[in-house]
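For reference, the structure discussed in these notes is given below.
The values are calculated or read from the model by the stated rules, or taken from the named source; none is laboratory data. Fair warning: this is a prediction, and the values are worked out from it, not measured in the lab. Note: ideal-geometry Cβ built from the backbone for every residue, glycine included; neighbour counts use all protein chains shown. With ligands, DNA and RNA removed, areas are computed over all heavy atoms of the protein, side chains included. Shrake-Rupley method; radii C 1.70, N 1.55, O 1.52, S 1.80 Å.
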Amino acid sequence: MGGEGKSLRELHAQLPFLHFSELAEAHERGPAAAVDVSWRLLREQAADAPDFPEFGLLVEAAQTEPRLRQLSPISSHWTLGFRTYTGRRSPVVVAIVPSHAGRPYRVQRFLHEGVLGEAATAEEAAALAVAHLPPGLGPATAGTGESPV
């Protein structure tokens, strides 16, 4: 009854107490599916935060930028980060802090530091983030970007 090589659904059929997230299942379908589910979950998070509309505006603006849309998004303390790998611990290549309390949107090199610039609107912040992406950066791929030991 080993679990090697089995899908999450097959494991659940053998072990009914085993539960997994929609994102885990999406990872099984490939990086594009994981990116799509991650974006949808971010939109749901934004919809659940009506008292912080700037986050929702940021998610919407970032998703309309094709180069950001192909990356794996992550949110930490309302900061929106973008990764080139779908793995949980993969590094962020650029991040955007939403406008709050009259402060501008901030584009950063990392989730919580390394300010690259500021923007007045979510759309301007998304465009600025795109301008700071490495050239030729393609869609997110599976993994974390770390070399196996």
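Can you tell me which residue is surrounded by the most Cβ atoms within 10 Å (Cβ to Cβ) among those in the range 96-106 that are free of Cβ contacts under 8 Å to residues at least 24 places away in the same chain and either more than 16 Å from residue 49 (Cα to Cα) or small (Gly, Ala, Ser) (or both)? Spell out how you get there, then give the answer.
Let us first name the residues in the range 96-106 that are free of Cβ contacts under 8 Å to residues at least 24 places away in the same chain, namely 97, 101-104, 106.
The next check asks that each one be either more than 16 Å from residue 49 (Cα to Cα) or small (Gly, Ala, Ser) (or both); those that pass are 101-104, 106.
Details: 101: 5, 102: 5, 103: 11, 104: 16, 106: 20.
Selected residue: 106.
Yes/no matrix, rows are residues, columns are (1) open to solvent by 40 Å² or more (accessible area, probe 1.4 Å); (2) farther than 20 Å from residue 106 by Cα:
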| residue | (1), (2) |
| --- | --- |
| 29 | yes, yes |
| 37 | no, yes |
| 47 | yes, yes |
| 50 | yes, yes |
| 58 | no, no |
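Do any residues in the range 48-61 that are part of a helix (DSSP H, G or I) have Cβ atoms under 7 Å from those of residues that are of a type in the set (Asp, Glu), where the two are at least six apart or on different chains, and which pairs are they?
Qualifying pairs under 7 Å: 61/123.
Conditions (1) modelled with pLDDT of 95 or more; (2) open to solvent by 60 Å² or more (accessible area, probe 1.4 Å); (3) in a helix (DSSP H, G or I), marked per residue:
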{"position": "63", "(1), (2), (3)": "yes, no, yes"}
{"position": "73", "(1), (2), (3)": "yes, no, no"}
{"position": "110", "(1), (2), (3)": "no, yes, no"}
{"position": "117", "(1), (2), (3)": "yes, no, no"}
{"position": "124", "(1), (2), (3)": "yes, yes, yes"}
{"position": "135", "(1), (2), (3)": "no, yes, no"}
{"position": "146", "(1), (2), (3)": "no, yes, no"}
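Just checking, which of 23, 80 is at pLDDT below 95, outside any loop (DSSP other than H, G, I, E, B) and either open to solvent by 30 Å² or more (accessible area, probe 1.4 Å) or farther than 19 Å from residue 141 by Cβ (or both)? Even if it seems obvious, please write down each step before you answer.
Values: 80 fails: at pLDDT below 95.
Of 23, 80, the one residue that is at pLDDT below 95, outside any loop (DSSP other than H, G, I, E, B) and either open to solvent by 30 Å² or more (accessible area, probe 1.4 Å) or farther than 19 Å from residue 141 by Cβ (or both) is 23.
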